[in-house]
Amino acid sequence: MGALPATKVSVEEYLALDRAAEVPSEYQDGELFPIAAVSVEHSIISLSVGSMLRERLAKTPCRAMPSPLRVRVSPTKFLIPDLMVVCGKPVLTDEHRDTVTNPKVIVEVLSPSTADYDYGEKFILYRKLESFEEYLLVSQDQARVEVARKAADKRWVISTYEGIDVVVNVESLGVSLPMAEIYNGVELSPDIEAN
């Protein structure tokens with residue numbers, strides 16, 4: 001006997017379900033993908049990066065926005081980044097004001113279960129957004145951040161920042177994020193921290 005076909009839901013059904021759910025879900029072409037619970041380290045890092053961006057962008061038209069705010073990358077694909085920055089007025093999909101289409105910078109804190117997805121398919125989907133210029137992939141178990149930047153010719157260039165004494169440059173926003181502040185309160189094992 002074959003497997004039963006998966007039940008697909010419409011965009012409207014997804015949005016209604018997700019807005020009522022305790023656990024948010026991403027949505028792709030009729031299928032829901034619940035967001036996994038995060039670790040303490042993931043939570044601390046996400047809050048640290050969000051707080052630094054909020055402070056550094058206070059006198060600019062850009063604002064840091066945490067999850068579970070959604071990003072619509074196409075009419076049938078909705079993703080939930082850990083953090084995003086929108087510059088200027090957020091372009092929202094409806095009166096609920098919980099789905100954005102114009103992030104400039106997206107931050108994902110890497111979890112063992114999602115790292116491949118964040119580096120791969122999720123990054124491909126985010127690149128559909130014209131406004132999207134910079135992608136920060138933040139490790140939660142070592143002092144390491146990879147930043148993908150969209151060049152003038154639309155190519156994506158990756159810079160790797162490693163070590164607790166390094167400063168991460170978010171060029172599209174004109175801000176710097178010291179690794180020591182990103183990882184403040186996160187215990188890194190001595191052998192990993194030395195990298």
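The values are calculated or read from the model by the stated rules, or taken from the named source; none is laboratory data. Only a predicted model underlies this, so the values are computations on that prediction, with no experimental measurement involved. Keep in mind that these areas ignore ligands, DNA and RNA; they rest on the heavy atoms of the full protein, side chains included. Shrake-Rupley method; radii C 1.70, N 1.55, O 1.52, S 1.80 Å.
Computed quantities for the displayed model
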{"quantity": "Stretch gain in nm, segment F33-K150, where the contour uses 0.36 nm per residue and the Cα spacing is subtracted", "calculated": "39.4 nm"}
{"quantity": "Rh by Kirkwood over Cα pairs, then Stokes-Einstein D for region 69-122 at 1.306 mPa s and 10 °C, µm²/s", "calculated": "133"}
{"quantity": "Whichever aspartates and glutamates have a C-alpha closer than 17 Å to that of K154, once near sequence neighbours (fewer than 8 apart) are set aside", "calculated": "E130, E133, E134, E171"}
{"quantity": "Helical mean residue ellipticity (222 nm; -39500 (n - 2.57) per DSSP H run of 4+; nearest 500) of the chain", "calculated": "-6000 deg cm²/dmol"}
{"quantity": "Among V157, V73, V167, residue whose mean-square fluctuation peaks in a GNM of the chain (springs only between Cα atoms under 10 Å)", "calculated": "V157"}
{"quantity": "Solvent-accessible area, 1.4 Å probe, carbon plus sulfur percent, for the chain", "calculated": "54"}
{"quantity": "Acute angle (nearest 10 degrees) that the helix 40-56 long axis makes with the longest principal axis of the chain, alpha-carbon atoms", "calculated": "70"}
{"quantity": "Average Cα contact separation per residue, region 42-85, under 8 Å, 6 or more apart, as relative contact order %", "calculated": "33"}
{"quantity": "Lysines whose Cα lies under 29 Å from that of K150, excluding same-chain neighbours fewer than 8 positions away", "calculated": "K59, K77, K89, K104, K122, K128"}
{"quantity": "Most fluctuating residue given options S25, S113, S46, as computed from a GNM of the chain linking Cα atoms under 10 Å", "calculated": "S113"}
{"quantity": "Rg over Rh, two decimals, region 89-175 (C-alpha only, Kirkwood Rh)", "calculated": "0.99"}
{"quantity": "Percent RCO, i.e. relative contact order, over the chain, from Cα pairs under 8 Å lying at least 6 residues apart", "calculated": "15"}
{"quantity": "Size-normalised alpha-carbon gyration radius of region 120-162, reference 2.2 N^0.38 Å", "calculated": "1.21"}
{"quantity": "Evaluated over region 1-69, the Cα radius of gyration and Dmax, each in Å", "calculated": "17.2, 62"}
{"quantity": "Long-range Cα-Cα pairs in the chain (distance over 29 Å), rounded percent", "calculated": "24"}
